[in-house]
Structure formats: structure tokens, C-alpha cells
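The values are calculated or read from the model by the stated rules, or taken from the named source; none is laboratory data. A quick note: this is a predicted structure, and the numbers were derived from the prediction, not measured. So basically every Cβ, Gly included, is an ideal-geometry build from the backbone, and we count neighbours across all protein chains shown.
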Amino acid sequence: MESTSVDDIFKRALTSTNIFKDRSVLRSDYVPDKLYFRDEQIRIIAETISPILHGARPSNIFLYGKTGTGKTAVAKYVFSKLSQTAISKSIFVKLSYVNTRMAGTEYRVLYEIARDFGITVPHTGLSISEIFDRIFKSVSKENFSGIITLDEIDFLVKNHGDDLLYELTRANEKLSSGFISLLGISNDLTFKDFLDPRVLSSLSEEELVFPPYTAEELKVILAERIKIGFQPNVFTDAALNLASALAASEHGDARRAVDLVRVAGEIAERNGLKKVDEQQIREALLKIDQDRLSDALKSLPLHSKLVVLSVASLKESLSTGAVYTNYSLFCKRLNLSELTPRRISGLLNELSMLGIISASTVSLGRQGRSKRPKLLIPFSTIKTVFLNDPILFDVLNMIESTG
Ligand SMILES: Nc1ncnc2c1ncn2[C@@H]1O[C@H](COP(=O)(O)OP(=O)(O)O)[C@@H](O)[C@H]1O
Ligand SMILES: [Mg+2]
């Protein structure tokens, strides 16, 4: 970019009227002072964990519901209240919050728990059982009451199995004094199927569902956020109605609603507008969906990326057999051992759930039925994302040279 245009950007930033009052409240990890329509869930969690205030072990709790139904916000809200009460009454509790998707590995999850509990653990190098030992020893020695929140726990279990959860649910048997309770949160309702029945029954001593919000509820939540996030009279009612309706149309997702409002505001700001109207909401929707797809593509495991490229390299929607042939070719090129056709079929299903490909089934008459995988996003988008991955460079070239 030319330096003059950078100057222009800064100049515009200085002269444009700021439509935001407080941008930070529009971030999706912001926890508002008032959480609407969740009194019941807040009450049940608070009641379940309150025994900790007189030194008794609370039941483990398991929260589940789709994304943007307020699980993280509610959990953080109740725990910050608990922490305030404990501090004001000098009660010794230790609280840990870990998002297992962001932590990424079992080691990192345990590292963060240890850190929250004030136990020193190196960034790398210990065995998992060694960290467990240190945590358990410390709880016993200091005789403390701990609650560990494991958010987006479905990620951990799907990627690393349920060993870590198994150890944690059995922790209390190993502690000579003190205790650890667990609060698990999952965005995926089918996640229970991945759990060992013993882990499941221990984790869900108490279980709580977060239903999706209705469009009307989202409107109340958004109106409040807009009031504290934007200058008065900036956000039009029409824009508010559209954002609520759009966010409700998939599954009543408050995160999507808040994202729409923030991104629409940024678009208005960039265009020097004084109001946020329906048009900016529509543009925000497009941008968010594009970003979401790029993120989904970027975070795919290598073999899924190769499957995407294999589907992309087929001129028409062909059979899963043809997808597998190309996929094997790419694996050979990259010196990778290929996964079985069965696994690839599983990966194709996952990709279709992510909205990256469609895998409609067609009837072949006498020959039965077959899946016809087809790309749902432009190849240019895939290329832009995958070009950042040096391993895929070769394969992309292969496709381009035969295309
Ligand atoms: N009941 C509510 N009242 C106000 N804001 C809410 C409510 N539920 C969710 N939000 C907001 O919506 C966004 C997403 O909520 P979050 O708790 O992260 O959802 P989840 O963890 O279920 O995916 C956050 O910005 C949160 O503050
Ligand atoms: Mg969450």
C-alpha cells in the first residue's frame, strides 16, 4: 500500500465521527452485567456450586447447547459472583477456566489448570501423569476446594479422547484432602456418544440444557448491547430487527447476532457513515460467512484438506471412488500414507456438515445409490486459504496444471 493511502486512512479516522461508544462490549467474549432469559440456568448452577462456600464438594455439572446460547457467558458470570463472595468472606476456593479448543492439547489444558491453581508447571517437557500428580498433590497439601470449568470440551474429546476427563472425574478418589469439581460445557449435543459411560455419568451429576434464543429474545439482548456499544441514535431499528431475524434464522445464536452488529458498525465506520442501517447488516452477513468458511478451511486436518482438493480437482461431481483415487494420488505425491476409503467417507461427511462440500445421494438405477460430492465454495477461496500452507503448494500446482 502506498504511504499516502495510509495517511488517508489515518486522516479519515481522525475526522470521522466515532459511531462507537465502547467497542469492547461488542466483542463476543464480553460478559455483560445483565444476562437475559437465563435466570433458570444461572439459579441452577449457583445452587449446585454453592456447597463449596461451606467446604463441601459440589456435584459436577454438564452444560450443553448450540453455539451462542450463552453457556460461556453464564458460566463466567456465576463464577465471578462466586469468586467475589468467597473473597469477601475469606473462603479458600480456587477456580480454573480452560477453553479446550483454544488450549489445543491435553498438555496445555493441564498446564492452564495448574496455572489457575497457582502450581508451577513448565510449558513443555513433563508427562501428562506428572502434571496430574503435581495438581493432585497441591490440592491435597493445601486442602483446597477447586472447580475446573472445561469449555468446548467436545473439542478435547473428539481430538484426544476422554482419558484426561476420566482422570479428572476420578481425581477425588486420589486426593487425601481437598476436592475438585468439574463444570463441562459442550456446543455439540451428540458429544455424549463419544464418552465412556463412566465418565459421562460422573460428569453429568447435574445436567443443564441451553435452548436457542428466539428472534424476539435476540432483539432484547442486542438492543442492550447496542445501547452500551454505540452512540445514541446510530443503530437504526430496521438494522436491529434484521440482525435479530438473521441470527435467529439458523438457530438463535447470540454470538452471531453480536458479531453482525459489531461488523456492521465497522463497515459503517469505514464508509464514513453516521448510521448503521439494514444495508450494513447485509454486508456484515456476507463478510462473516466468508470469514467463517476461511477459518473452517484453515483449521482442517491435512487429510481433510487433501479431500477438499480432490473434490475440487474433479470437473463434475463424480463418485466418492473418484474422490478417493485423486486423494491417493495426492498422498503419493506428498509421501503420506493414505487413510482407508472408510475414513475418507467419514471426512466427506464432516466436510458436508461444515458446508464446504455437498454430498447428495443420487440413484444409479439398478446399480443402487451413490454419493456425488460437490464443492460448495469457489475454488479461488480454497486456493487463497491453502496457498498459505507450504505442504499443499505442490498439490495445488498439480491441480492447476491438469485443469
Ligand atoms: N442471555 C444473554 N444476555 C446477554 N448477552 C448474551 C446472552 N447470551 C449470550 N450473550 C452474548 O452472546 C455472545 C455469545 O454467548 P456465549 O456465552 O459465548 O455463547 P456460547 O458459549 O453458548 O457459545 C456473548 O457476547 C454473550 O455475552
Ligand atoms: Mg462458549
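I'd like to check something: does segment 313-327 contain any residue that is surrounded by 15 or more Cβ atoms within 10 Å (Cβ to Cβ) and charged (D, E, K, R)? Checked segment 313-327: no residue is surrounded by 15 or more Cβ atoms within 10 Å (Cβ to Cβ) and charged (D, E, K, R).
The single condition from (1) small (Gly, Ala, Ser); (2) under 24 Å from Val209 (Cβ atoms); (3) modelled with pLDDT of 95 or more that Ser28 fails is (3).
For residues that are more than 24 Å from Thr72 (Cβ to Cβ) and of a type in the set (Asp, Glu), scanning just segment 258-295, find the one that is surrounded by the most Cβ atoms within 10 Å (Cβ to Cβ). The residue in question is Glu269. Search segment 69-84 for residues that are more than 15 Å from Asp33 (Cβ to Cβ) and assigned by TED's automatic domain parsing to the domain that holds Pro51 and pair each with any residue that is within 14 Å of ligand 2 (Cβ to nearest atom) and of a type in the set (A, V, I, L, M) when their beta-carbon atoms are under 6 Å apart and the residues are at least 6 apart or on different chains. Within 6 Å, the pairs are Lys71/Leu63; Lys71/Ile185. Per the conditions (1) within 16 Å of ligand 1 (Cβ to nearest atom); (2) touching a Lys or Arg at 6+ places or on another chain (Cβ under 9 Å); (3) not aliphatic (A, V, I, L, M), the sole criterion not satisfied by Pro51 is (1).
Can you name the residue in segment 196-215 that is under 18 Å from Lys158 (Cα atoms) and of a type in the set (A, V, I, L, M, F, W, C) and is also surrounded by the most Cβ atoms within 10 Å (Cβ to Cβ) among such residues? Taking the candidates together, the pick is Leu203. Exactly one residue among Val258, Val234, Val199, Val220 is closer than 30 Å to Thr48 by Cα, modelled with pLDDT of 95 or more and over 21 Å from the mean Cα position of the chain (by Cα), and that residue is Val220.
As a summary of the residue check, Lys94 satisfies the conditions (1) away from ligand 1 (no atom under 16 Å from the Cβ); (2) free of Cβ contacts under 8 Å to residues at least 12 places away in the same chain except for the one numbered (2). Can you name the residue in segment 234-257 that is among the small types (Gly, Ala, Ser) and away from ligand 2 (no atom under 16 Å from the Cβ) and is also surrounded by the fewest Cβ atoms within 10 Å (Cβ to Cβ) among such residues? Only one residue fits best here, namely Ser249. Candidates Glu224, Glu205, Glu217: the one that is of a type in the set (D, E, K, R) and outside the structural domain of Val276 (by TED's automatic domain parsing) is Glu205. I'd like the full set of residues that are under 30 Å from Phe210 (Cα atoms) and not in a helix (DSSP H, G or I), limited to segment 248-282. Selection gives His251, Gly252, Asp253. Each residue in segment 147-182 was checked for being more than 17 Å from the chain's Cα centre (by Cα) and within 16 Å of ligand 1 (Cβ to nearest atom), and 0 of them qualify.
Got a sec? Which of Leu347, Leu285, Leu329, Leu309 is under 28 Å from Ala243 (Cα atoms) and in a helix (DSSP H, G or I)? So the residue among Leu347, Leu285, Leu329, Leu309 that is under 28 Å from Ala243 (Cα atoms) and in a helix (DSSP H, G or I) is Leu285. Can we say Lys89 is in the same structural domain as Asn172 (by TED's automatic domain parsing), surrounded by fewer than 18 Cβ atoms within 10 Å (Cβ to Cβ), over 24 Å from the mean Cα position of the chain (by Cα) and within 16 Å of ligand 1 (Cβ to nearest atom)? For Lys89, the condition - in the same structural domain as Asn172 (by TED's automatic domain parsing), surrounded by fewer than 18 Cβ atoms within 10 Å (Cβ to Cβ), over 24 Å from the mean Cα position of the chain (by Cα) and within 16 Å of ligand 1 (Cβ to nearest atom) - is not met.
Determine if segment 32-43 includes at least one residue that is assigned to a helix (DSSP H, G or I), in contact with a helix residue (DSSP H, G or I) (Cβ under 8 Å, 6 or more places away or on another chain) and either among the hydrophobic types (A, V, I, L, M, F, W, C) or within 16 Å of ligand 1 (Cβ to nearest atom) (or both). Yes, that holds for at least one residue. Gly355 meets all of the listed conditions (1) under 21 Å from the mean Cα position of the chain (by Cα); (2) within 25 Å of Phe155 (Cβ to Cβ); (3) in a helix (DSSP H, G or I) but one, namely (3).
Pairs are defined by a Cβ separation below 6 Å, a sequence spacing of at least 6 or placement on different chains, a first member in segment 159-183 that is assigned by TED's automatic domain parsing to the domain that holds Val74, and a second member that is modelled with pLDDT under 95 and exposed (fewer than 15 other Cβ atoms within 10 Å of the Cβ); the pairs so defined are Ser177/Asn143; Gly178/Asn143.
Within segment 146-196, being within 16 Å of ligand 2 (Cβ to nearest atom) and in contact with a Lys or Arg (Cβ under 7 Å, 6 or more places away or on another chain) holds for Glu152, Phe155, Ile185, Asn187. Residues that are surrounded by 14 or more Cβ atoms within 10 Å (Cβ to Cβ), touching a His at 6+ places or on another chain (Cβ under 8 Å) and of a type outside the set (Phe, Trp, Tyr) do occur in segment 57-66. Hey, among the residues in segment 29-66 that are in contact with an Asp or Glu (Cβ under 6 Å, 6 or more places away or on another chain) and among the hydroxyl-bearing types (Ser, Thr, Tyr), which one's nearest to ligand 2 (Cβ to nearest atom)? The qualifying residue nearest to ligand 2 (Cβ to nearest atom) is Thr48. Is one or more of the residues making up segment 75-94 β-branched (Val, Ile, Thr), within 30 Å of Ser249 (Cβ to Cβ) and within 16 Å of ligand 2 (Cβ to nearest atom)? Checked against the condition, which is being β-branched (Val, Ile, Thr), within 30 Å of Ser249 (Cβ to Cβ) and within 16 Å of ligand 2 (Cβ to nearest atom), segment 75-94 yields at least one hit.
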